[in-house]
Amino acid sequence: MGRSIIADEGVEKYIGKLLKENKWFVGVIIGQLTAQRDYVVHIARTPDPVEDEVSEENGDDESGDSIKTKKKNPALEHPVSMDQLDEKWVSTHAKQVSRMLPGGLSVIGLFAIAPPVMLKNAQSKLKQMLHSVYKQLTRNSVLTIAGEITERILLQMDTSSKKLTCVTVDAADIKSAMRPAEWKYQTGDSKWIKLTSQINLDIPITVPVESKSQSLLKQIQLGLVEFCDTVKRSIVVIGDSIRDPSEPLIQEKRGKGGKGSNTDLKLTQDVAIYLPFLRPETSSDPVTVSSQATINMMGTTIVRAFVSAKATVGDAVEAIKMDVIRSLMARCELLCEEFNVTEGKQGSDVYDPPVRLFCQLPHCDVQVCDYVFQDEKQEEVRDRIKELLDVEVEDLEETEKSAADDDTWSCPSSLSCMSSHQSLVVPQPDKKTMAKAYLGAALVCMVAVLATWISYLYIN
């Protein structure tokens with residue numbers, strides 16, 4: 001017997017809406033993979049391709065750096081066949097959607113709605129798309145979890161007979177065969193547990209001299225590896241106690257006759273995250289390295305995750321940790337993209353990374369998010385959610401505030417303060433061959449301070 005997939009009733013209505021358009025569609029499946037069964041909360045069709053955007057979004061090296069995004073060209077038409085759809089375009093959509101998901105949720109597969117002949121001819125194409133999406137989303141190793149389930153869902157619907165077929169594929173193995181899976185819809189309201197927390201960040205990153213040729217994003221990603229490892233080793237307290245990872249997150253109360261009751265189900269759980277001070281193998285001796293810059297990320301960020309009512313404590317803990325890492329990485333990617341498309345800002349002293357906004361999916365209790373810069377309006381966020389998730393949202397929950405100014409720094413001159421600190425850790429670099437920079441990226445109260453190095457990096 002293959003995997004069992006439980007989908008929200010809203011997914012069934014969405015598929016019915018797409019069928020009425022009398023077109024073929026490919027899109028992403030959003031949900032949660034667990035050892036026992038998989039849960040689907042939403043599916044979203046992939047927007048029609050924009051000219052040249054695939055090459056710019058995916059024209060990257062092994063770092064997975066994204067470049068910039070163009071506005072959609074309304075003159076472009078829906079492709080005639082799936083054979084004309086570039087798999088990189090689908091994987092780009094999956095990556096953009098992944099940024100919008102809280103902890104616990106991810107892109108867990110693809111769906112296709114098309115005439116029977118087109119579906120039959122596109123089997124290898126769809127499988128290749130699934131592998132491409134998996135590769136794109138796991139390119140950054142810190143976004144993967146040890147022992148993570150690699151099975152992904154491929155849902156297909158024949159527009160003629162309205163027959164629905166569901167299979168799973170081991171996306172990590174290009175030679176994996178399709179295995180039948182059971183797809184069924186959730187009856188009644190699905191119960192999702194909302195996990196909330198916040199975390200204070202002060203992450204110093206030293207950029208080695210030998211990484212000068214790498215992009216800014218790649219340098220930041222490499223510098224965050226140790227912090228992300230620290231997050232994965234952190235202690236997470238749910239409620240007021242440390243619990244066994246294997247026990248159910250929600251303890252059912254026993255009613256009369258010994259039957260379980262969910263009448264007292266608490267749908268929101270407060271969580272505390274405790275980061276370890278040192279790695280187990282950390283030496284007390286100082287470490288000296290040759291560096292070209294220091295990047296310091298500071299601030300406080302909201303943490304939010306969703307898990308099914310059947311989740312274990314271990315599932316909830318992993319969801320919280322992944323939200324911290326994914327949110328941090330998403331902001332860094334977006335900030336670096338902003339550098340690439342707004343070159344005029346490179347000489348500024350202060351940069352404001354995007355703040356996080358949440359909104360609820362119309363058909364269930366699960367929330368998604370987006371990141372907005374200071375010069376963006378909420379209407380732009382709604383348009384972006386509409387384009388990428390194909391849902392209309394009204395209320396946006398602004399849980400974070402914009403960045404502070406230079407007064408946030410504890411010393412009169414952030415540059416001199418950071419230089420003083422740097423001299424205690426790393427030797428001064430040769431002024432003739434490199435410049436120094438200091439990027440402080442704060443989340444919620446989040447500031448990015450760049451000195452001459454940013455200009456040096458992009459001019460040279």
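Read-outs throughout are calculated quantities, based only on the coordinates presented, and are distinct from any laboratory measurement. Keep in mind that what you see is a predicted model, and the values were worked out from it rather than measured. Backbone-built Cβ (ideal geometry, glycine too); neighbour counts: all protein chains shown.
Observations, loosely collected:
- Mean Cβ count within 10 Å, highest first, over the residues of peptides 153-164, 215-226: 215-226, 153-164
- Here is the list for the stretch 147-213: GluC sites (Glu not before Pro) lying in DSSP coil, each with at most 16 other C-beta atoms within 10 angstrom of its C-beta, are Glu148.
- Length available on full extension from Thr288 to Ser161: 0.36 nm per residue minus the Cα-Cα distance, which gives 39.0 nm.
- Cα-Cα over 30 Å, subset of Lys194/Lys218; Lys13/Lys88; Lys184/Lys377; Lys17/Lys191; Lys135/Lys377: Lys194/Lys218; Lys184/Lys377; Lys135/Lys377
- Sorted on the mean count of surrounding Cβ atoms within 10 Å across their residues, most packed first, peptides 377-389, 35-47 read 35-47, 377-389.
- Rounded to the nearest 20 debye, dipole of the stretch 173-226 from Cβ charges on Lys, Arg, Asp, Glu: 260
- Neighbourhood charge, 12 Å Cβ-Cβ cut-off, centred on Leu110 and excluding it, Lys, Arg +1 and Asp, Glu -1: +3
- Kirkwood-based Rg to Rh ratio, the stretch 86-200, C-alpha trace: 1.00
- Within the stretch 75-233, percent of DSSP bridges classed antiparallel, to nearest 5: 60
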